[in-house]
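Report on one structure; see the data block that follows.
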Amino acid sequence: MKPVNYTRSRRCALPCLAVVMPCFNEEAVLPRTLASVTEFFSDCVRDGVIAPDSFVLCVDDGSRDDTWGLIEKASRTDPQVRGMKLSRNMGHQTALVAGLSTVTNFDVVVSIDADLQDDLFAIRDMIAAWQNGYDIVYGVRSERKTDTLFKRETAQMFYRLMLFMGVNLIPNHADFRLMDRRACDALLEYEERNLFLRGLVPLIGFPSTSVYYSRLERTAGESKYPLSRMVSLAVEGVTSLSVTPLRIIAFTGILISSIAILAICYALVGKETGHTVPGWTSVTIAIFFMGGVQMLSLGIIGEYIGKIYLETKRRPRYHIENATWENQ
């Protein structure tokens, strides 16, 4: 592939900012969110931070409420608001990639959640960092005071687990980040269907830094990441980016085999010396223990095989049902 020259667009004084915002059942919060975003755009244009043609792209991820109706209505009255509707719910990560694949004519792109708990004003610091030479700027939470104790502890366990499994993550960073055109194009070259963007973006390797911010309270609606979704996200991240679980299975097999060899030697010595003790408890425990280890191992291997199965099918990641610019 012929390299592209990004020098001029990457460091212009007034970058065109594209904000990509996945939306799923955000009817309760979306009007307030869009009002805040357009007000933020106006302030930044007035202060000479971004170009006047900056915009926000709302990606409706198959919402079941009136989210798409609100996006269409806002796009008709505000040229800075654009909308795209996926044919069905494909998941937050796929919706985000759909938006990143669709945006054009931008210098920097910021991904942000529709609940607007991520601080919009941190984008100013991100743009300043980009102008200082960084291609990727991560939005990192400076504290987790708005979370419950359970959420804080499970979040820290999540990041420790990921690091232990060899997944390179930015702690306390979700999907609030800035990328320039070069970084965005590089990310879109990763074509896997099992997406975990928090782990993929660091793989790009371009100059990066972090901007710290305080996460805000959710003003309306419900969180789209309950505990079950967080567990699913952790499994997706580990199995998409690391083979450590398979190595743990191999190590466990070696360990159990070693113990079994010692047990066999002990049994043979006991038989020769006449010190064997009849009983079924130890045998039963050993059978159930090995059965559990085998089932767990098969489950982990099955998770990887399932991902291989989905990847080899090469199905489309998403289908676009509608877009506001097609109706204009």
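The values are calculated or read from the model by the stated rules, or taken from the named source; none is laboratory data. Just so we're clear, the structure is a prediction, and the values are computed from it rather than from any experiment. Ideal geometry is used to build each Cβ from the backbone, glycine not excepted, and the neighbour counts take in all protein chains shown.
Among what's in segment 150-183 and is of a type in the set (S, T, N, Q) and not in a helix (DSSP H, G or I), pick the residue that is surrounded by the fewest Cβ atoms within 10 Å (Cβ to Cβ).
Asn168
Does segment 184-193 contain at least one residue that is surrounded by 14 or more Cβ atoms within 10 Å (Cβ to Cβ), under 26 Å from Leu34 (Cβ atoms) and either at pLDDT 75 or above or not charged (D, E, K, R) (or both)?
Yes, segment 184-193 contains a residue that is surrounded by 14 or more Cβ atoms within 10 Å (Cβ to Cβ), under 26 Å from Leu34 (Cβ atoms) and either at pLDDT 75 or above or not charged (D, E, K, R) (or both).
Residues are listed down the side, and each one gets a yes or a no for (1) over 30 Å from Asn132 (Cα atoms); (2) in contact with a Lys or Arg (Cβ under 8 Å, 6 or more places away or on another chain):
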residue	(1), (2)
Cys23	yes, no
Glu27	yes, no
Thr33	no, no
Leu86	yes, no
Asp115	no, yes
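In this structure, does Ile256 turn out to be modelled with pLDDT of 70 or more and of a type in the set (A, V, I, L, M, F, W, C)?
Answer is yes for this residue.
So, in segment 214-232, of the ones that are modelled with pLDDT of 70 or more and within 15 Å of the chain's Cα centre (by Cα), which residue ends up nearest to Phe158 (Cα to Cα)?
My answer is Val231.
Give me the pairs, please: first residue somewhere in segment 297-322 and in contact (Cβ under 8 Å) with a residue 24 or more places away in the chain and farther than 28 Å from Trp68 by Cβ, second residue anywhere and part of a helix (DSSP H, G or I) and among the hydroxyl-bearing types (Ser, Thr, Tyr), beta-carbon distance under 8 Å, and either six or more positions apart or on two chains.
That search, which allows pairs on different chains as well, returns Ser297/Thr252; Glu303/Thr239; Tyr304/Thr239; Lys307/Thr239; Lys307/Ser240.
Among the acidic types (Asp, Glu), modelled with pLDDT of 90 or more and part of a loop (DSSP other than H, G, I, E, B): does that describe Asp147? Full working, then the answer.
Numbers: among the acidic types (Asp, Glu): yes; modelled with pLDDT of 90 or more: no; part of a loop (DSSP other than H, G, I, E, B): yes.
So Asp147 does not fit the description; no.
Report every pair of residues separated by at least 6 positions or lying on different chains whose Cβ atoms are under 7 Å apart, first residue within segment 90-103 and touching a residue at least 60 places away in the same chain (Cβ under 8 Å), second surrounded by 21 or more Cβ atoms within 10 Å (Cβ to Cβ) and in a helix (DSSP H, G or I).
Listed pairs, sorted by first residue: Leu100/Cys184.
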